[in-house]
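Visitor: Can you keep this structure in mind? I'll have questions shortly.
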Amino acid sequence: MTTPITTIAPNECTLPEGNYKYQQEPLFNNVTGAAITLISVIVHLKWSSVCIVFDNETEHEAMLLHHGLSDVGIFADVHSLQQMTSQKIDSLMKEKAAVYDETSLNCTILCRLESCQQYLEKPFDYGRKHMVRSSLLHNSRWLLGIFHDGDISVLETNSSTELDNVAVIQYPTSLLNEYQQNELKLEDAVKNVFMHMSELNDSNTRTLTEAAIEGLYDIDSDEFKYCAWLPIQTLLWHTRKRGFSTVGYTQLTGSLRVSKNIYPNAKFGFNRRKFIVSSLPWNPFVVLDNETHNYTGFTIDLLQELAHGLNFTYEMTSPPDGQWGIEGKNKSWTGLVGQLQHRDVDLVAAPLSIQTDRERVIDFTYPYFYESSAILMKKPDPNLTKWRTLIDPFSTTVLLCIFVSLPICSFFLFFFEKYNPYYRKVEDRSKVRGLHHFSDSFWYMYGALLTQGGEHMADSSSGRTLLSFWWIFCIIMMATYSGNLIAFLTVTKDKLPFTDLSGLVAQDKYEWGTQGGSVFEHIFKTSTLPEYQTLWNGMVGYNRTDNRVLSVLGDVQIEKVIEGDYAYIGDKTYFDMIMVNNCDLAMTLAEILQLQYAIALPNNSPFTKMFSDEIISIHESGLLQIWKLRHWPKPGFCKGSLLKEPKAITLIDVQSAFYMIGIGIFVASFTLFIEFLKQTYCKWREKIGKAKEKPQTIRHVSTIPKLDEFISY
């Protein structure tokens, strides 16, 4: 910190030692004064417009400065200190935004020390309710020309101004009485500016700024009065107070030496100002420790990096209603969006989705994360489908083809064996069991399908050829079936009842819902798509009997999912985190919309581009990917799946095998019953056949006497 000057004497012309990045010597000197020095500094700063403010004693100097700036092509308007109220600042900013599309202000104040101090301490309302005006704390540049012969360190010790960029040049009060004499000489100096500007051509490498400064320096040395070097001091932020730092020197002739940036605070972002940041817990983006009340997570890492890069501090809060933000009556929004709309907070750092209706009332930065929507549900009870274990290894189509192939191939084998000329010399072949009977052929082919042989074999070449290829087919089928059967017995196959929104709407077992106050509720509620309207009508109906369907609390929604028969529509990453601790949950993607998460600021915020540029820089640095690896679980990871205990095959796993035994007994019994019926039927037919036969007629011819009647002994 340097000691401010108290007087300026003709013999104080030695330039302090230093490394000056910018320096320019005047060619001739015949006009001196505060206006010359201020014009030199303003031209060096390359301001295109400036607001000149004066007090009761510096109006003449302000007018000289106004004329000089106008002649060098810099727009300037003049106002008194009494006119520069908060409302006047708003008016100036609106005019500048309309013309230059900017929200910054360059202001030069000419005043006594007391007037400047009172003005800087004036209670302007820079609160978050006045977004553009509060941005002037960071985006405005203030150049103070203070006329005072004593110490001006009161500005650094007692100043209550919150403006970041304030530079000060101190002048002796004796200059206030000399401007009227020098007015004509100043006009001559301005003419010299245009003379040097006219010398510029396409081959000349000098800039307009250099030409303007040379014109101001092109004056008669015989009229020289003061050659003292006046320090250009800037107010820096320190831990407890403001402090002066010398960044250059200037002479009343307009000679300028600059060693540092005149406004170094402009490079320090928001200079440790505190922002009110609102958020909502949403794992893994925002995680709140209820004991320590500390916030962590992916979005909090981003917020901390933004705070470091843009040099601000923050205080966390949350919306009282716990909602993300939906539009209510009178176009008033709830939740996080409502806090920004009403300017209750400075920004929102949360996984807040960019959405068209929201952008009408708030600003979004460059998105820092792209998300998908999904449907979370409880896995169906696997025991309900264990009866299908024996048929699950093959699809329905494969099973159908196998069952059709069996009788068809059996018929061809029967045909080849029965009508083959190879067997033409065999007598009474029809009375012998063999493959020339369809039943024997069918049972042989069925046994081969189970990789078992048969009693009869084909002797003909055609029959054996068919059987060889059938055996190859059976071996392939059984090998595939056996491998898949082992997998189905050891790994549970989860088949979800639906895989998309259309399937969800079509079924009647599951209810569905989403988080109240979220972007999903807003989309379903306002959409004109029939499917979304059906979803919303269903949610409203279910919510009448159970208000958890549209609960704003994610934990409440998860509890309802765990209870069963409920589908929760939300964002995929949050579901991934929930499924880490609950292996009974399943998720299916729902192409509702691709979500984009971004930092949100109040509408028309002048800081949106600043935050977006910083987020882009963070994205390009790879930090987002590092944070994602830190907070995201592995894909498909579930803590319950880490158990390495061997899984025993239970009765319910192989229940289908016992079902097959039961089916076999039933079919065999039914077959036996049919055989009895057949046998009974055959006997009945035989009996009926005999009864229908006519009896033979017996005629008596004679009676043969006994032999012993004729033989005598």
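Visitor: Could you please let me know if PHE498 is aromatic (Phe, Trp, Tyr) and not in a helix (DSSP H, G or I)?
Guide: Yes: the conditions hold for PHE498.
Visitor: Ok, one more. Residues of segment 543-580 being part of a helix (DSSP H, G or I) and among the aliphatic types (A, V, I, L, M), which ones?
Guide: Once the filter is applied, which keeps residues that are part of a helix (DSSP H, G or I) and among the aliphatic types (A, V, I, L, M), segment 543-580 yields VAL549, LEU550, VAL556, ILE558, VAL561, ILE562, MET577, ILE578, MET579, VAL580.
Visitor: Restricting the search to segment 392-434, which residues are surrounded by 15 or more Cβ atoms within 10 Å (Cβ to Cβ) and part of a loop (DSSP other than H, G, I, E, B)?
Guide: Once the filter is applied, which keeps residues that are surrounded by 15 or more Cβ atoms within 10 Å (Cβ to Cβ) and part of a loop (DSSP other than H, G, I, E, B), segment 392-434 yields ASP392, PRO393, PHE394, ASN420, GLY434.
Visitor: Applying the selection to segment 39-65, what residues are more than 48 Å from the chain's Cα centre (by Cα), surrounded by fewer than 20 Cβ atoms within 10 Å (Cβ to Cβ) and not in a loop (DSSP other than H, G, I, E, B)?
Guide: Correct list: GLU59, HIS60, MET63.
Visitor: Another one. Filter segment 457-489 down to the residues that are surrounded by 14 or more Cβ atoms within 10 Å (Cβ to Cβ) and of a type in the set (S, T, N, Q), then identify the one that is nearest to CYS409 (Cα to Cα).
Guide: SER462
Visitor: Let me ask something else. Pairs needed: first member in segment 606-621, under 19 Å from ARG343 (Cα atoms); second member anywhere, part of a helix (DSSP H, G or I) and hydroxyl-bearing (Ser, Thr, Tyr); C-beta distance under 7 Å; at least 6 residues apart or different chains.
Guide: As it stands, the answer is PRO606/SER135; PHE607/SER135, since those pairs meet every condition given.
Visitor: Can you tell me which residue within segment 437-456, out of those that are in a helix (DSSP H, G or I) and not small (Gly, Ala, Ser), is nearest to PHE415 (Cα to Cα)?
Guide: Here the residue is PHE438.
Table: residues versus (1) farther than 19 Å from TYR574 by Cα; (2) free of Cβ contacts under 8 Å to residues at least 24 places away in the same chain.
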residue	(1), (2)
PHE298	no, no
LEU302	no, no
HIS308	yes, yes
THR313	yes, no
MET316	yes, no
GLY325	no, no
SER332	yes, yes
LEU340	yes, no
VAL345	yes, no
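Visitor: May I ask you to list the residues in segment 105-140 that are charged (D, E, K, R) and at pLDDT below 90?
Guide: Passing the criteria: GLU114, GLU121, LYS122, ASP125, ARG128, LYS129, ARG133.
Visitor: When you go through VAL561, VAL580 one by one, which is the residue that is over 23 Å from the mean Cα position of the chain (by Cα), of a type in the set (A, V, I, L, M, F, W, C), outside the structural domain of SER135 (by TED's automatic domain parsing) and farther than 16 Å from PRO351 by Cα?
Guide: Checking each option against the conditions leaves just VAL561.
Visitor: Sort through GLY554, GLY570 and tell me the only one that's buried (at least 16 other Cβ atoms within 10 Å of the Cβ), under 24 Å from SER279 (Cα atoms), modelled with pLDDT under 90 and out of contact with any Gly (no Cβ under 6 Å at 6 or more places or on another chain).
Guide: After applying the criteria, what remains is GLY554.
Visitor: Here's another thing I want to ask about it. Considering only segment 332-371, how many residues are more than 10 Å from the chain's Cα centre (by Cα) and not in a strand (DSSP E or B)?
Guide: Number satisfying all stated conditions: 23.
Visitor: Something else: Does any residue of segment 75-87 turn out to be farther than 24 Å from CYS227 by Cα, part of a strand (DSSP E or B), within 51 Å of the chain's Cα centre (by Cα) and of a type in the set (Gly, Ala, Ser)?
Guide: Yes - at least one qualifying residue is present in segment 75-87.
Visitor: Still on this structure, please answer the following. Residue under question is ASN547, and the condition is that it be surrounded by fewer than 21 Cβ atoms within 10 Å (Cβ to Cβ) and either more than 18 Å from GLY322 (Cα to Cα) or in contact (Cβ under 8 Å) with a residue 40 or more places away in the chain (or both); does it hold?
Guide: Values: surrounded by fewer than 21 Cβ atoms within 10 Å (Cβ to Cβ): yes; either more than 18 Å from GLY322 (Cα to Cα) or in contact (Cβ under 8 Å) with a residue 40 or more places away in the chain (or both): no.
Answer is no for this residue.
Visitor: Among (1) over 20 Å from SER518 (Cβ atoms); (2) in contact with a helix residue (DSSP H, G or I) (Cβ under 8 Å, 6 or more places away or on another chain), where does GLY570 come up short?
Guide: (1)
Visitor: Given the residues THR32, THR85, which is the only one that is under 24 Å from ASN139 (Cα atoms) and at pLDDT below 90?
Guide: Going through THR32, THR85 in turn, just one is under 24 Å from ASN139 (Cα atoms) and at pLDDT below 90: THR85.
Visitor: Which of the residues belonging to segment 57-72 are in contact (Cβ under 8 Å) with a residue 40 or more places away in the chain and farther than 15 Å from LEU144 by Cα?
Guide: Passing the criteria: HIS60, LEU64, HIS67, GLY68, ASP71, VAL72.
Visitor: Output the number of residues of segment 501-524 satisfying the condition of being under 14 Å from LEU593 (Cβ atoms), in contact (Cβ under 8 Å) with a residue 60 or more places away in the chain and of a type outside the set (Ser, Thr, Tyr).
Guide: 6
Visitor: Regarding PRO606, is this residue closer than 30 Å to SER134 by Cα and modelled with pLDDT under 90?
Guide: Criteria met by PRO606.
Visitor: What do you reckon, is GLN596 touching a residue at least 24 places away in the same chain (Cβ under 8 Å), part of a strand (DSSP E or B) and under 22 Å from LEU352 (Cα atoms)?
Guide: yes
Visitor: Answer yes or no: is there a residue in segment 581-590 that is crowded, with 18+ Cβ neighbours inside 10 Å, part of a helix (DSSP H, G or I) and in contact (Cβ under 8 Å) with a residue 12 or more places away in the chain.
Guide: For segment 581-590, residues crowded, with 18+ Cβ neighbours inside 10 Å, part of a helix (DSSP H, G or I) and in contact (Cβ under 8 Å) with a residue 12 or more places away in the chain: absent.
The values are calculated or read from the model by the stated rules, or taken from the named source; none is laboratory data. Quick caveat: nothing in here was measured; it's all calculated off a predicted structure. FYI the Cβ positions are ideal-geometry reconstructions off the backbone, even for glycines, and counts take in every protein chain you see.
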